[in-house]
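Worksheet: the structure to be examined is printed underneath.
The numbers here are math on the coordinates, done by the rules we state, and not lab data. Since the model is a prediction, treat every value here as computed from it, not as a measurement. Every residue, glycine as well, gets a Cβ built from its backbone with ideal geometry; the counts of neighbours run over all protein chains shown.
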Amino acid sequence: MDDTLFIEQLRDLSLEDGRAYIQEHIAELSDHAAIAYLLTDEALRLLYSPFISLKLAELLIFFGEYVHHTSSHALGLKAKGDALMMIGHHQAALDALDAAGEEFKLLGDEGNWARSRISWIVSAVWLGRVEEALQAAAQAREVFLRRGENFWVCSIDHNTAIIYAYIGRYQEAIQLYESMPDIYRTVTDQNETTIQLYLAIGEMNQ
């Protein structure tokens, strides 16, 4: 199946019709990992349209359950948590991200476990769990550094800086913002537009 058509259909259909569409075309969706990452990437791209992102996350969870593919299910839970965080449903976001994190741990997928902490720490702070959020951020950052995933190092640093500013640790927030441009310039797995966008966001928040 053409990837663009598949994504367009799921983006435009209702949740129930999207589930039916997946069932109808399941024979064409045999590369479960590829489908999972296709939907994951689209849900992330549409994160600032969180209700569409949430629908895609629910469809990915459904796909994972339907084909018994745990990684798809875990990625769907992560995408759901990300979208719920954006909507402001922070306890529901933590529940989804905790479930995703447990599945990633069982799969031995530390990279996606760490990525599931990026939204987790934001929702945790909103719920008053500041110290837990900082601990989770430090653990995720360590994973990203070990894996050489500098884009995600900056993502976790950005959210950590926001937490520091929120609790009045302004100097630590400034230090993180000042260090981010140098780290971003080492990123090779993202396009230049994405990097410039994040640099601009960092400068705006200083």
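Ordering Ile61, Leu44, Ser116 by Cα displacement along the dipole of the range 1-137 toward the positive end leaves Ser116 in first place; charges were set at the Cβ atoms of Lys, Arg (+1) and Asp, Glu (-1). Which FRET efficiency value, to the nearest 0.05, is calculated for Ile167 and Thr70 with the Förster distance at 41 angstrom and r the Cβ-Cβ distance? According to the calculation, E is roughly 0.65. With respect to the chain, whose longest principal axis is taken over its alpha-carbon atoms, helix 130-147 is tilted by about 70°. Dipole of the range 3-131 computed with +1 at Lys/Arg Cβ and -1 at Asp/Glu Cβ about the Cα centre; of Leu127, Ile22, His32, farthest Cα towards the positive end is Leu127. For the chain, the longest principal axis of the alpha carbon atoms and the long axis of helix 50-67 meet at an angle near 50°. The angle separating the long axis of helix 70-87 from the principal Cα axis of greatest extent in the chain is about 60 degrees. Recomputing semi-axes √(5λ) of the Cα gyration tensor in Å from the coordinates shown identifies the correct label among [x] 31, 27, 18; [y] 31, 18, 16; [z] 49, 15, 13 as [y].
Each Lys and Arg adds +1 at its Cβ and each Asp and Glu adds -1 at its Cβ; summed about the Cα centre, the chain shows a dipole of about 600 debye. Taking the charge dipole of the chain about its Cα centre, with +1 at Lys and Arg Cβ atoms and -1 at Asp and Glu Cβ atoms, the residue from Leu94, Gln139, Thr70 reaching farthest to the positive side is Gln139. Partners of Lys55 within straight-line reach, counting lysines whose Cα lies under 23 Å from its Cα and excluding those fewer than 8 residues away in the same chain: Lys78, Lys80. Calculated mean residue ellipticity at 222 nm for the chain: -27000 deg cm²/dmol, from DSSP H runs with n ≥ 4 weighted as -39500 (n - 2.57), summed, divided by the residue count and rounded to 500.
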